[in-house]
Amino acid sequence: MPFHTVVAPMTATVMHVPVDVGDAITAGDTLAIVDVMKMEHAILSEVDGVVSGIDTEPGQVVAVGDPLIIIDTSTKVSAPANPVKAFDESLGSVTKTNPLFAQLEKVDALRTDAARPDAVAKRRSRGQQTARENISQLCDVDSFLEYGGLAVAAQRGQRDLDDLRSKTAADGIITGVGKVDGVAVAMLAVDATVIAGTQGYWHHHKIDRLLEVAKRDDLPVVFFPEGGGGRPYDPDAGNVMTAGLQITSFARLAALSGKVPIVAVVSGRCFAGSAAFAGVADVIIATESANLGMAGPAMIEGGGLGTFAPEQVGPMDVQARNGVVDLIVADDSEAVAAAKRYLGYFTGTTVAGENDNQDVLRDALPHNRRQTYAMAPIIKTLSDGSSWFELRPDFGPALHTGLAQIGGRTVGIVASNPQHQAGAIGPEEADKAARFFQLCDAHGVPLVSLCDCPGFMVGPDAEEQANVRHVSRLFLAGAHLAVPIVGVIVRKAYGLGAMAMLGGNLHAPVATVAWPTGEIGGMGFEGAVALGMKKELDAIDDESERREAFDAAVARMYERGSALTSAAHLEFDAVIDPAATRTWIVQSLSAAEPIARAARYIDAW
């Protein structure tokens, strides 16, 4: 047939018929434009030819299959006598010359650091990076996807929109998802150059949105809190809230505890609401010039408690010593690098490097069993390369806690520090270790306990610090562990303190081994003799004879409690060559049951 009928492909209203009878057309030319649900659709020719009939007109409602245009295909068309413009050309195409693109580019430009040279200069004067620089350093190149970047402060009723875009870009917080060493991570960075880092109405909405994404997709969270707390003046929000205590941001972040790794990076002044965000994180990494506190100077003065400079509130020498901050570094760049490294232990992206010669462990301890020594070199030798990452080093210093890789696997290490109170576990050490047990358990990280512990700290001073409750936390945490422990008795394993370090008792670990230097007892040998033989020793008048009797009794107790004797009584599993410690750790953990993550939050303390 020489004629081709073009029919309506849908029910629609005809808006425009750009052809007339006699027009020559080619395939792809527009024959009609129709309206469906307020959207314009072009009906294109599928053939070459000449229009011989038009069966529709603008305004007509057509149904599916109704004839619209008749084309005579018998006439060959090489170049249309009256060419019809294509649909996208006739109505205009969407390109970057479109005013909408120009507006978007203008708004995007306002969100860059280059648009705020004064604010950037102020950051530089304080030795700080900008919020966007922190995000950029943390992320793999070009991987960050920003959420809510067009937000401005909820002050449109009082301020011009251009002013808000310029002065309150992103409403003071940058949120989004980026990749860190190829792994997706939720990132939130407060921009303290915007209204002093205060938390406004849309600011909180952005936090909530990103934490919702993190929860849904099990994304680790890195939060850069800074500045003050709630913003005192966001008038646009006045119609929907008064105090704003119904906001869910703090609870949302806290609800992620134990489910995904959470890192807080603190720089500058971090008070009130910002400090509350930091406080629920797994770890707090801070710069040495930072200040961190639950109230800033204004709130303290408002409470009638005196006038203080910001630098007097929560300085890092205080917050490291009291255990609030896990790691202190020199500056923002080091803080971001530390956060990136911390995440690597949980995402499997940490590259440890070559491990040390294990034979040096045979000479790690002094021959004098009462002489102190440093445990840190032993930890570093056991760890792969430079993977040892200590947490809270200045708090509870009789115990080391931190992450490392051993045999390519992330482990948590708890280790005695004989150079501080002989390695005895006091209230601080118990709190430190109990929380570290929780952290590792929540994220499925097995534990290695290196024990040289003379027991729990004793005496009236310790009891004034609520010793009973604090040290018992370590038993509670150990009893509820889902991850395996490998116990290594380096030297002393005395009493309740050693039991608690090893998960509750010497058989709680998947394997408990001792070096030949190990000694096991209900309490220190010297103390046991002094108490148990008090009458006998007091009855010896000659001081040298009394000392000789004491030393002989201690020697007998040492022989009975030596690693070789105790292992023969099956109090633990083996006495090993110190150089074989890594092998025992790696093989014991590989033989353990698959690790199930605990469904528990990590205690803030």
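The values are calculated or read from the model by the stated rules, or taken from the named source; none is laboratory data. Keep in mind that what you see is a predicted model, and the values were worked out from it rather than measured. Cβ placement follows ideal geometry from the backbone for every residue including glycine, while neighbour counts extend to all protein chains displayed. Accessible surface areas use protein heavy atoms only, side chains included; no ligands, DNA or RNA. Shrake-Rupley method; radii C 1.70, N 1.55, O 1.52, S 1.80 Å.
Data for the structure
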| quantity | calculated |
| --- | --- |
| Residues VAL21 and ALA63, FRET efficiency given R0 of 30 Å [Cβ-Cβ distance, rounded to 0.05] | 0.80 |
| Reciprocal of mean inverse Cα separation for region 479-565 (Kirkwood radius, Å) | 14.4 Å |
| PHE277 accessible area, 1.4 Å probe, all protein chains in place, Å² to nearest 10 | 10 Å² |
| Extreme residue, positive dipole direction of region 241-384, given options PHE346, MET294, ALA251 (C-beta unit charges) | ALA251 |
| P(r) of region 448-605 over all Cα-Cα pairs, binned every 10 Å from zero, in whole percent | 10, 32, 30, 19, 7, 2, 0 |
| Convex hull projection area averaged over all views, region 268-339, Cα basis, nm² | 4.6 nm² |
| Rough spin-label spacing in nm, given labels placed 7 Å along Cα→Cβ, for ARG126 and ALA374 | 3.6 nm |
| Proximal charge balance of GLY524 [Cβ under 13 Å; K/R count +1, D/E count -1] | +1 |
| Sequence of SER274, SER143 from largest to smallest accessible area, 1.4 Å probe | SER143, SER274 |
| Relative contact order of the chain, pairs being alpha-carbon contacts under 8 Å that are 6 or more residues apart, as % | 8 percent |
| Shape category assigned to region 358-423 from the gyration tensor of Cα positions, a/c cut at 1.5 | oblate |
| Compactness of region 335-446 as Cα Rg over 2.2 N^0.38 Å, two decimals | 1.10 |
| Span from the region 190-258 Cα centroid across to the region 401-433 one, whole angstrom | 35 Å |
| Only Lys, Arg (+1) and Asp, Glu (-1) charged, at Cβ; the chain dipole about Cα centre in debye | 920 debye |
| Region 262-330, relative contact order [Cα under 8 Å, separation at least 6], % | 34 percent |
| Of all DSSP beta bridges in region 466-571, antiparallel share, percent nearest 5 | 10 percent |
| Computed lengthening from ALA298 to HIS4, 0.36 nm per intervening residue step minus Cα-Cα distance | 97.7 nm |
| Rounded if a/c under 1.5, otherwise prolate or oblate - region 450-505, Cα gyration tensor axes | oblate |
| Packing-based ranking, highest mean first, of 220-233, 123-136 given that Cβ atoms within 10 Å are counted | 220-233, 123-136 |
| ALA364-VAL586 pseudo-label distance in nm [points 7 Å out on the Cα-to-Cβ vector] | 1.6 nm |
| Rounded to 5, percent antiparallel among DSSP beta bridges of the chain | 55 percent |
| Sum of -39500 (n - 2.57) over DSSP H runs of 4+, divided by residues of the chain (222 nm, nearest 500) | -9500 deg cm²/dmol |
| Per residue convex hull volume, Cα atoms of region 317-357, in Å³ | 129 Å³ |
| Kirkwood-based Rg to Rh ratio, region 185-268, C-alpha trace | 0.98 |
| Point-to-point label distance, LYS76-VAL318, nm (Cα→Cβ direction, 7 Å offset) | 9.4 nm |
| Kirkwood Rh, Cα atoms: Rg over Rh of region 333-387 | 1.14 |
| Tilt relative to the chain, helix 427-442 - C-alpha long axis, 0 to 90 degrees, to 10 | 40 degrees |
| Size of the chain as Cα extents on the principal axes (Å, biggest first) | 134, 64, 37 |
| Listed peptides 99-107, 283-291 by packing density, highest first (mean Cβ within 10 Å) | 283-291, 99-107 |
| Cβ-Cβ FRET estimate between GLN137 and SER472, R0 fixed at 51 Å, reported to 0.05 | 0.75 |
| Cα gyration tensor shape for region 220-333, rounded if a/c is under 1.5, else prolate or oblate | oblate |
| Per-peptide average of other Cβ atoms within 10 Å, ordering 35-46, 333-344 highest first | 333-344, 35-46 |
